[in-house]
1. Please give the number of the condition Arg462 fails out of (1) over 23 Å from Thr286 (Cβ atoms); (2) at pLDDT 95 or above.
2. Do you know which of the residues in region 293-352 that are among the β-branched types (Val, Ile, Thr) and not in a helix (DSSP H, G or I) is farthest from Arg411 (Cα to Cα)?
3. Just a yes or no: is a residue in region 279-288 part of a loop (DSSP other than H, G, I, E, B) and either assigned by TED's automatic domain parsing to the domain that holds Leu239 or over 19 Å from Ala236 (Cα atoms) (or both)?
4. Just give me the residues in region 359-390 being crowded, with 16+ Cβ neighbours inside 10 Å, assigned to a helix (DSSP H, G or I) and not polar (S, T, N, Q), in sequence order.
5. Any residue at all in region 46-61 that is outside the structural domain of Cys354 (by TED's automatic domain parsing), assigned to a loop (DSSP other than H, G, I, E, B) and modelled with pLDDT of 95 or more?
6. If you check every pair at least six apart or on different chains, which have Cβ atoms under 6 Å apart with a residue in region 380-391 that is under 15 Å from Leu366 (Cα atoms) and not assigned by TED's automatic domain parsing to the domain that holds Tyr248 first and a residue that is of a type in the set (A, V, I, L, M) and part of a loop (DSSP other than H, G, I, E, B) second?
7. For Gly425, state whether it is touching a residue at least 24 places away in the same chain (Cβ under 8 Å), part of a helix (DSSP H, G or I) and surrounded by fewer than 16 Cβ atoms within 10 Å (Cβ to Cβ).
8. Among the residues of region 255-271, is there at least one that is surrounded by 20 or more Cβ atoms within 10 Å (Cβ to Cβ), among the aliphatic types (A, V, I, L, M) and within 26 Å of the chain's Cα centre (by Cα)?
Amino acid sequence: MRHHRRLATALAMTSQLKRALSLCGGVSNKPRVVILSENTWRHAASRHSERMRNLLLPGLTKPDHPINAGAQRQRNQRRKRDGWTALDPVNPVYNFLIEYYGLKGAKGPRRLARWSPDPALLSRVDDSEHDGPEISPEVRSAALKASANLGGVLLEKAKLDDLGDTLHLRGGVPVPTGTTEDGELYGILYNPAVFYHGQFGTSIEEQQQRKEGNPHRDEQLRKTMAPFQWYQSILATTLRSDPVLHCYGLHEWAMQYHPDGADPPPSSKYQSTLPLRVSRQVINDTVERKGIRCTHVDALRFFAPAAGPLNYHGATLERTDQLRLEQKGCVHAHMDLLKIGLKLGSFVNPDLMCDIIETALEARRLDVEASPYDATGYGCDVVAIETSEGRRTYRDRQIALMDRAEPVRRRLLSAYDVFLSLAFGEEGRSGYDSNPVGMHREGDYAAPERFARAEPGGEPWRRNLIER
């Protein structure tokens, strides 16, 4: 019964969407239906889950860890079935996945292990009569009906039970074989256009306004696109940047900076389970040696207040400075590829997401090993950047990491280009080169937190907005 209700709801939403799109002229391009055989997509999904598990395994807690206790019985049963547990919040290499990107509990790793098809399959040129191998007219017709004539990538014989388990729930559209009562599906379909077209009103009145020109709808569309365009701009400007190869990861040291007479650094609470491997005096001397050249605007807020004036780029930065400062040598910029990838949800190549996780974990390991903390108990080496030899080691590894991250960043930018084009059509193809979102305060919509200030020991971006 639960599955029948979910199917009925999905069909009702699809019916509304189809009726709404007919009022605004439908879509201009011929819709494509690409079908992946059950054997193909299930093999790909299994391979993805296995690779993700291998990447995360060193950071996963054991089933009897207290963090896995107290969940609902249903979740406990599910955990025992699929083997996923929560990430260890005190593991210094893996806890950033929790603290920075919200991958909490067993549902965090499980989310990363879910699979969905690469949307780029819909953007490839195909001159054949049919968009996929051996797709019957009946299946194609059902897929177009379920997607309100927008098409998509259809996973053959995928079931409702696959959604939220093997497959991403968000964006999955059931394609029924017949009536809503039988519950049988041709499969599950994914297309960002289907998901985002449904967000701007599906009533007849709202869509008639859209057809005639609706300023409110246009503003909502710009608001929805803005975060994606922002990340698209960050990726593009970072790829064009010159690397800074003499920062030596001092942001971690700036968090622990505590000269005589200064208040204790508030960020000393981070990694509090790890002992320091050097004295407070060594930390102070290392920070003061040539100051700090940190280009990552998100890091400044975690500096000790006394370290702010020692930053070459200033003790106060604005969010829009990220477009100017973010550079391809930054270890934290490599870690943030995960944040940018997660923003796409189910509409990103799963192989790319695994490569992003691998890159982010490698960056985090260097970040921890070059810090003033002793993380050797977690299998980490020491990169002693307080010494000239350690700084040479850091620079060599930083360059090697940058070279490996470069193609991953390019692929992610390409994924954003494809996503924006598919999800928002011509409006999503406006481009980031001519007008990077957030560079000015007129014209394109930018969220209020794009105009915020960061300072050592300060509030999060959303609580430290600039008056405009």
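1. Result: Arg462 passes all but (2).
2. Checking each candidate, the answer is Thr316.
3. First, pick out the residues of region 279-288 that are part of a loop (DSSP other than H, G, I, E, B): 279.
With the extra rule that they be either assigned by TED's automatic domain parsing to the domain that holds Leu239 or over 19 Å from Ala236 (Cα atoms) (or both), the set shrinks to 279.
Yes, region 279-288 has at least one match.
4. Ala360, Leu361, Glu362, Ala363, Arg364, Arg365, Leu366, Asp367, Val368, Glu369, Tyr378, Gly390
5. Within region 46-61, one or more residues are outside the structural domain of Cys354 (by TED's automatic domain parsing), assigned to a loop (DSSP other than H, G, I, E, B) and modelled with pLDDT of 95 or more.
6. From residues that are under 15 Å from Leu366 (Cα atoms) and not assigned by TED's automatic domain parsing to the domain that holds Tyr248, there are no pairs.
7. Values: touching a residue at least 24 places away in the same chain (Cβ under 8 Å): yes; part of a helix (DSSP H, G or I): yes; surrounded by fewer than 16 Cβ atoms within 10 Å (Cβ to Cβ): yes.
It is true that Gly425 is touching a residue at least 24 places away in the same chain (Cβ under 8 Å), part of a helix (DSSP H, G or I) and surrounded by fewer than 16 Cβ atoms within 10 Å (Cβ to Cβ).
8. Yes: one or more hits.
The values are calculated or read from the model by the stated rules, or taken from the named source; none is laboratory data. Just so you know, these numbers come straight off a predicted model, no measurement behind them. Positions of Cβ are backbone-derived with ideal geometry, glycine not excepted, and every protein chain shown enters the neighbour counts.
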